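Please treat every number below as a calculation from the coordinates, not as lab data. Bear in mind that the values here come from a model prediction, so they are computed numbers and not experimental data. Note that each Cβ is placed from the backbone with ideal geometry, even for glycine, and that neighbours are counted across all protein chains shown.
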Amino acid sequence: MAKARVHNFHVSLDGYSAGETITFEKPMGGAEGMFARFDGRAIDGVDAVDDPITLDRALASTWAQGIGAEIMGRSKFGPQTGEWTDDEWRGWWGDAPPFRTPVVVLTHHRRDPLHFDNGTSFHFLDATPADALAYAQDLAGGRDIRVGGGPSTVRQFLAADLIDFMHLITVPVTLGAGVSMWDGLAGVQDRFTVESVSSASGLVHHFWNRTTADRA
């Protein structure tokens with residue numbers, strides 16, 4: 001069965017993965033500095049550039065392996081709230097979003113799908129986590145689903161016991177406030193085996209694999 005996976009998900013030392021308010025100028029709500037060590041080229045593979053291959057880069061490059069679709073929350077797609085008022089907005093990524101697969105955007109407000117020449121398409125859906133996962137599986141062609149964030153979306157899928165694997169990255173910064181990964185999830189680690197490895201950059205990579213074959 002296709003798995004639901006989380007990859008390259010950054011978490012501060014005090015448990016936050018984004019700031020409180022997303023804007024056009026601050027797509028991470030003021031938490032942009034937490035991603036200063038992230039080499040975004042890694043999603044194109046370890047051989048995409050001539051730089052030395054670091055542990056961080058090698059682990060980040062697994063982001064797309066075996067993925068057939070992504071699920072994201074509305075704030076990851078853009079800063080708007082309420083009814084869509086700017087039909088020209090096509091996401092943060094310009095004309096070549098990095099996904100190259102269908103992407104399900106969770107929103108309470110309908111919008112027609114968007115399609116890009118590189119294979120990326122955005123589908124706007126009002127659904128529970130379980131229904132969103134089923135919808136994404138239909139788009140994924142038998143491959144895995146990446147739950148891409150933000151933290152509220154990942155938290156909802158964890159609360160619904162729908163995540164099979166997580167690659168979390170602890171960043172050695174404190175934010176003091178923001179959107180927490182862990183509110184309401186006491187004991188969630190008991191569903192997983194967790195292994196960790198630190199890198200020379202100061203990042204700690206955590207790999208969470210669920211311990212049961214069947215989701216709740």
*Which residues' amide hydrogens lie under 5 Å from the amide hydrogen of PHE192, considering only partners 5 or more residues apart or on another chain, with H built in the peptide plane?*
THR211
*Burial ordering of PHE207, PHE124, PHE24, fewest other beta-carbon atoms within 10 Å first*: PHE24, PHE207, PHE124
*asked:* Connecting C-alpha atoms closer than 10 Å in a GNM of the chain, tell me which of PRO98, PRO27, PRO52 has the biggest fluctuation.
replied: PRO52
*Sorted by average packing, counted as other Cβ atoms within 10 angstrom per residue and highest first, what order do 189-197, 34-42 take?*
34-42, 189-197
_Order of LYS76, LYS26 - criterion: other Cβ atoms within 10 Å of each residue's Cβ, fewest first_ = LYS26, LYS76
*Rank the residues GLU88, GLU70 as a footprinting-exposure proxy: fewest other Cβ atoms within 10 Å of their Cβ go first.*
GLU88, GLU70
*Placed amide H near ILE71: partners under 5 Å, 5+ positions off or other chain*: VAL104, ARG146, VAL147, GLY148
